[in-house]
Amino acid sequence: MRVGDLPGTDDHREPPEHTARRLGRRALPATADYRGATVGYASPPWSARLVAVGGAAVAVDPLSSSGVRDALRLAGPAAAAVLGLLDGDTGPAHQYARCVRAIVDEHLDQRGHFVMLTGGHEPFWEKRRRPAVRSGVDRPASGRVDH
């Protein structure tokens, strides 16, 4: 739990009782010491000389604990994309881009389900209603890469 996620908090708020017992005399970090987690993906996750894999291709909320699983799921399609690009074939790279987007869509669907289960009205969950962000520029359907 982050102190800044509690309604009406400032940096001097006391932690919940069970957290205080675990902390002992240690203080909670200041709200400014926390960083937000943004869900996003590289779009496209490849260029003629680069294929983004794992965390370079997909960023998901760390609460999901799915980073390693997602990297393993993308390893095969990423390898196929690399081999295709080396042969001048962008087809596998486009398929890889679809795999990357599918992982983000799946993550957002699952996250939405869990937000709904909680009621989703606390600031912590409200922040997780935001859509994913894309980096880069979508490629045209033709598969043509201009460099």
Using a 1.4 Å probe on the protein heavy atoms only, what accessible surface does residue 63 show? Give it in Å² to the nearest 10. 110 Å²
Each residue of the range 43-51 in turn: what ³J(HN,Hα) in whole Hz from Karplus with 6.51, -1.76, 1.60 and θ = phi - 60°, glycine and Pro shown as x? 9, x, x, 7, 9, 4, 10, 8, 10
Where in the range 42-126 are there trypsin sites (Lys or Arg not before Pro) that are in a DSSP coil and have at most 14 other Cβ atoms within 10 angstrom of their Cβ? 49
If amide H atoms are modeled at 1.01 Å from N in the peptide plane, then the residues at a separation of 5 or more from residue 46, or on another chain, having amide H under 5 Å from its own are 52
Residues whose modelled amide H sits under 5 Å from the amide H of residue 59, counting only those 5 or more places away in sequence or on another chain, are 40, 41
Carbon plus sulfur fraction of accessible area for the range 15-113, probe 1.4 Å, in percent: 57 percent
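The values are calculated or read from the model by the stated rules, or taken from the named source; none is laboratory data. What you see is a predicted model, and the numbers here were worked out from it, not measured in a lab. Don't worry about glycine lacking a Cβ; one is built from the backbone with ideal geometry, like all the others, and counts go over all protein chains shown. To get the accessible areas, we keep the full protein, side chains included, count just its heavy atoms, and leave off ligands, DNA and RNA. Shrake-Rupley method; radii C 1.70, N 1.55, O 1.52, S 1.80 Å.
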